[in-house]
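Presented below is the structure to which this report refers.
The values are calculated or read from the model by the stated rules, or taken from the named source; none is laboratory data. None of the values given here were measured: they were computed from a predicted structure. For neighbour counting, all protein chains shown are included, and Cβ atoms are generated from backbone atoms with ideal geometry for every residue, glycine included. SASA here: full protein model, heavy atoms, side chains in, ligands and nucleic acids out. Shrake-Rupley method; radii C 1.70, N 1.55, O 1.52, S 1.80 Å.
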Amino acid sequence: MQTQYNEIINSFVDKYGLSRGQVVAEIEKTFSTMLSRWYGTGTVVLFADDYLQALHYAKQSGIPLQNQLDFVSVRGWNTIQRALDQNFTKIACLHEVARYKQLEHQLRWGDIIRKNNDGFLVEIEIEKGLAIIAECPLNRVGMHERNMLAVGQRRAFHLRRVDSVKLRGITRVKVVVDRVSKNLVTALLREQLGTATEITLYCAKRYVGHKSFVEAGGFLPKQVILTASRELHEHIQVTVEKMEMGKKS
């Protein structure tokens, strides 16, 4: 079994996208915890020189002794492997959440793939080449659009929240998007303007489905405003003025 440890470690690295150091550390931790539970406290598992060894520390006649456990005779390997899978799933999920958290409040285009009484499921490209399923609760869609949006449509969404949740005991990434944020208005305008422009934008007020009031630090072409307005199905009024600090978008 010892000769297979590198293969096991590599399989976990490939499956969960973690570094080799992260995988080794979690294997050592999980083995130490579970073997301590089975053999008594004081069991430490270390991986060195491509070899996994378990050292059990106990006292015999008051004298501390170190014994090496034979992994071949250790029972419960399947139990340990299930525990490792659960732990690695959680670690990988938390890494994804930490990475996606940096993308919150950005614009994402997505395809509506399901609609029910609670809202919508949307497939968005959260990163380039990486699609993920997001939830858009019904109360995060304007009243004017709730019967208008349909499966198969491609719409713009505001990336509202990214969190980790447990679903049937398994840690998952939960992404929530919306169509009611003020950020969505300015993000759509910014997308039309292009990344090269340095015009500052700030949505002072938004009455979803009716009108949004945007303050801009420069002139916006009429077509840019109309395109964003058509996507949101509401009027957008843009006022060109000198922007205050803290109002950039």
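Numbers for the structure displayed
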quantity: Reachable aspartates and glutamates from Lys29, criterion Cα separation under 17 angstrom, eight or more residues apart if same chain; calculated: Asp50, Asp85
quantity: Whether the range 191-236 is rounded, prolate or oblate, judged on the alpha carbon gyration tensor where a/c under 1.5 counts as rounded; calculated: oblate
quantity: Neighbour net charge for Lys205 - beta-carbon separation under 9 angstrom, K R +1, D E -1; calculated: +3
quantity: Exposure ranking of Glu234, Glu241 by accessible area [1.4 Å probe, largest first]; calculated: Glu241, Glu234
quantity: Per residue accessible area in Å² of the range 111-249, where ligands, DNA and RNA are left out and the probe is 1.4 Å; calculated: 58
quantity: Met143 accessible area, 1.4 Å probe, all protein chains in place, Å² to nearest 10; calculated: 150
quantity: The range 85-195 shape via C-alpha gyration tensor axes, a/c threshold 1.5; calculated: oblate
quantity: Percent antiparallel among DSSP beta bridges (both partners in the range 164-241, rounded to 5); calculated: 60
quantity: Label-point separation, Glu198 to Leu226 (7 Å along Cα→Cβ), nm; calculated: 3.0
quantity: The range 90-249 - percent of accessible surface contributed by carbon and sulfur, probe 1.4 Å; calculated: 51
